[in-house]
Amino acid sequence: MEKPNKHPQASVATALSVNVNKVALLRNSRHLAIPSVTQAASACLAAGAHGITVHPRPDERHIRASDVYELAELMQDWPDAEFNIEGNPFHNLMDLVEKVRPHQCTLVPDSEDQFTSDHGWNLPQDLQRLAPIVKQLNEWGVRVSLFMDPLPEAMAVVEQLGAARVELYTEAYARAAAQGRAEDVMPSFVQAAEAAQRRGIDVNAGHDLSLQNLPSFLTRVPGVREVSIGHAFMADALELGYRGATQAYLHAIASTVRSSS
C-alpha cells in the first residue's frame, strides 16, 4: 500500500486518530477474521490519518490483546503516526502498555462491563490511585493523557499528577449540538482547555465527535492537539470507505483551521 507523505503530529493543528474498536466488534460477531483491524488501520493511515486508537477491555468484546500486538507491529511501518491505547489502568491495560510502549496512553475510568465511557476521572479524589500509574507510564516514556470532564478546576491536579495531556470527554457537547444548544455547554469546554493550557497541559478531545459537530468544536475550543473518533467515523466509512471517511474528517479539520486563522 502506498504511503502518504510524512505527517508528524507536531506539524498539524489538530491530529486525527482513528479508533478502530468498531471494526473489531463487527469481526467478533462471527468466527472469522473479517473485517481486518490491521487492514482498516492501514487504509486510514494511507489516507492521511495521524494515528490509530484502540480501547481494549477485559472481556475482549472488540479489541483483543492480539490486535494490540499486531497494530503495534503495523505502526512500525508508519513512524510518523501515533499509536494511542486507552482504557482503565486498573484492569488489563498496563500489561499491554508495558509490552507495546505506545506513543500515548489515555487513562479512562470505565468499569469492566461498561457499554462505553461515560465520565472522566474524579480529581482530586482519584489522585492517590492515579499517581503511581502516571509515574510508571512516564518512566516507560509513554505520554499520559487523562480522560476528563470539562472541569477547569481539575487541571491543577492533572498538572500535579504529571500527565502531559487531557482528553476532554465530549459527549455532553455532541448531545447538545444535536439538540441545537451547543452554546449551552461550550463555555465549560473552552474554560477547561484554557485552564489546562495555562498549566502546560495539552488538550485532546473525544467521544461522539462527528463530521457534523467537529468543525464547530474545533473553532471554539482553542488548541486541540488531537481528536480520537471511532463510532461516527466507522458509520461514515460504511458509506464513504476508510479512505473517503479519513479524507472527509481531515477536510473538516483543515476547514476549521482556515476559518479560524
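Computed from the coordinates by the stated procedures, all read-outs in this text should not be read as laboratory data. Please read all numbers here as calculations on a predicted model, not as lab measurements. Positions of Cβ are backbone-derived with ideal geometry, glycine not excepted, and every protein chain shown enters the neighbour counts.
Tabulated data
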quantity	calculated
Residue tally, condition basic (K, R), within 24 Å of N19 (Cβ to Cβ) and assigned to a helix (DSSP H, G or I), over the stretch 161-207	1
Q125 being in a loop (DSSP other than H, G, I, E, B) and of a type outside the set (K, R)	yes
Residue in the stretch 163-172 that is of a type outside the set (D, E, K, R), buried (at least 20 other Cβ atoms within 10 Å of the Cβ), in contact with a His (Cβ under 7 Å, 6 or more places away or on another chain) and in contact (Cβ under 8 Å) with a residue 40 or more places away in the chain present	yes
Candidate set from the stretch 138-152 (those that are in contact with a Ser or Thr (Cβ under 7 Å, 6 or more places away or on another chain) and either part of a strand (DSSP E or B) or touching a residue at least 60 places away in the same chain (Cβ under 8 Å) (or both)); member that is surrounded by the most Cβ atoms within 10 Å (Cβ to Cβ)	S145
Test: residue in the stretch 100-111 that is hydrophobic (A, V, I, L, M, F, W, C) and over 16 Å from the mean Cα position of the chain (by Cα)	yes
Residue within the stretch 208-218 that is in contact with a strand residue (DSSP E or B) (Cβ under 8 Å, 6 or more places away or on another chain), surrounded by 23 or more Cβ atoms within 10 Å (Cβ to Cβ) and part of a loop (DSSP other than H, G, I, E, B) present	yes
